[in-house]
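Worksheet: one structure, shown below.
The values are calculated or read from the model by the stated rules, or taken from the named source; none is laboratory data. Computed from a predicted structure; not experimentally measured. When we count neighbours, we look across all protein chains shown, and the Cβ atoms used for this are built from the backbone with ideal geometry, even at glycine. Just the protein is used for accessible areas: all its heavy atoms, side chains included, with ligands, DNA and RNA removed. Shrake-Rupley method; radii C 1.70, N 1.55, O 1.52, S 1.80 Å.
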Amino acid sequence: MEVIVADQIIMGLILHAGDAKQHIYQALSLAKNGEFEKCDEHLKLADQALLEAHNLQTEFLAQEAGGTKTEITALFVHSQDHLMTSITEINLIKEIIDLRKELQVKK
């Protein structure tokens, strides 16, 4: 397994979690306007970005389990916070979008 420098993983986590959040909010905006096909595209992009972030987090954990210890910095804590809030927001926004779709069908 290739060892990736912790700083690269941390910045990747922040980048991909931020991309996921940007796409989920774009999806919500499109859903508000009834543009559900475009909304679904952004939902997929959010999921892809979140998967990339999760894969980086798994890589970090695997390296540590393999004996490569890294210092826990404020930036690392920030990356984890950013990832976890993105996951929570994505889950909640998906529920809101589903509700908007249901309401659209009933109209």
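Some values worked out for this structure:
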item	result
Within segment 24-87, trypsin sites (Lys or Arg not before Pro) in DSSP loop having at most 11 other beta-carbon neighbours inside 10 Å	LYS69
Net charge contributed by nearby residues that have their C-beta within less than 12 Å of ASP19 (K/R +1, D/E -1)	-1
Magnitude of the charge dipole, the chain, Cβ model with Lys/Arg +1 and Asp/Glu -1, debye to 20	560 debye
Residue-normalised accessible area of the chain, given per residue in Å² at a 1.4 Å probe	64 Å²
Neighbourhood charge, 14 Å Cβ-Cβ cut-off, centred on GLU37 and excluding it, Lys, Arg +1 and Asp, Glu -1	+1
Tilt relative to the chain, helix 6-32 - C-alpha long axis, 0 to 90 degrees, to 10	0 degrees
Count of lysine pairs in the chain with Cα separation under 17 Å (8 or more residues apart, or interchain)	12
Carbon + sulfur, % of accessible area of the chain - ligands and nucleic acids excluded, 1.4 Å	57 percent
Accessible surface of GLU59 - all protein chains present, 1.4 Å probe, nearest 10 Å²	40 Å²
Label corresponding to Cα extents along the principal axes in Å when calculated from the structure given, among (1) 37, 33, 31; (2) 38, 27, 22; (3) 58, 25, 17	(3)
Theoretical ellipticity at 222 nm over the chain - DSSP helices of four or more residues, -39500 (n - 2.57) apiece, nearest 500	-30500 deg cm²/dmol
